[in-house]
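The values are calculated or read from the model by the stated rules, or taken from the named source; none is laboratory data. All figures in this text were calculated on a predicted structure; none of them were measured in a lab. Here the Cβ is made from the backbone with ideal geometry for all residues, glycine too, and neighbour counts use every protein chain on show. Note: accessible area is taken over every heavy atom of the protein model, side chains too, but ligands, DNA and RNA are not part of it. Shrake-Rupley method; radii C 1.70, N 1.55, O 1.52, S 1.80 Å.
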Amino acid sequence: MMSYEEYMRSVVQPMRTELTSIGFEELLTPDDVAAKFDNMKGTALVVVNSVCGCAAGLARPAVAYSLKNSPKKPDHLYTVFAGQEKEATAKAREFFTGYAPSSPSFALLKDGQIMGMVERHQIENRSLEEIAADLMGMYEQYCG
């Protein structure tokens, strides 16, 4: 019989692969987050992934679209999974100063400092293209 944890891993794996297949690195522990965010050089897009419908239908497709269609891109692509790796997600959120916890969401960091955020309320009930435009605007402003 499959345990709850095994079941959840199998259910969320396609949601993880949707990001890792386009270059995102999963940060699974608080130590992983600290290793990448402390002393960060350059820009990083951090996706706070989620199992909700707006993550599947809007957030993940929008980030893929934005990276495919933007001339400027972040130096690093990271993801944490809210509700799965809770400690890693909490550690990442320590860097999102001034923003309430939100999933799904996107954070753009430069040299470890928050530059911009697209929160869940800016994802829900909007088109993929509108969300991607917000992301591409952040890349244009902060990425080389």
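Candidate cross-link partners of Lys110 among the lysines, defined by an alpha-carbon separation under 19 Å and a same-chain spacing of 8 or more, comprise Lys36, Lys41, Lys72, Lys73, Lys91. For the chain, a Gaussian network of Cα nodes joined below 10 Å ranks Ser70, Ser103, Ser50 by mean-square fluctuation, and the top entry is Ser70. If Lys and Arg each add +1 and Asp and Glu each add -1, what is the summed charge of the other residues whose beta carbon sits under 12 Å from the beta carbon of Thr89? Local charge sum for Thr89: -2.
Here the gap between Asp111 and Val11, fully extended at 0.36 nm per residue and compared with their Cα-Cα distance, gives a gain of 32.6 nm.
With Cβ to Cβ distances under 13 Å as the rule, what net charge do the other residues near Pro30 carry (K, R +1; D, E -1)?
-2
Placing one equal scatterer on every Cα of the range 11-69 and applying the Debye formula, the log10 ratio I(q)/I(0) at q = 0.13, 0.19, 0.27 Å⁻¹ is -0.38, -0.77, -1.22. Could you work out what % of the accessible surface of the chain is carbon and sulfur, using a 1.4 angstrom probe and leaving DNA, RNA and ligands out of the count? Roughly 51 percent, rounded to a whole number.
Remark: the chain is approximated by an ellipsoid whose semi-axes, taken from the C-alpha gyration tensor as √(5λ), come to 23, 18, 13 Å, largest first.
Given Cα pairs under 8 Å that are at least 6 residues apart, what percent is the relative contact order of the chain?
On the way: 217 pairs, mean separation 45.3, N = 144.
Result for the chain is 31 percent.
The residues of the chain expose, per residue, 50 Å² of accessible area to a 1.4 Å probe.
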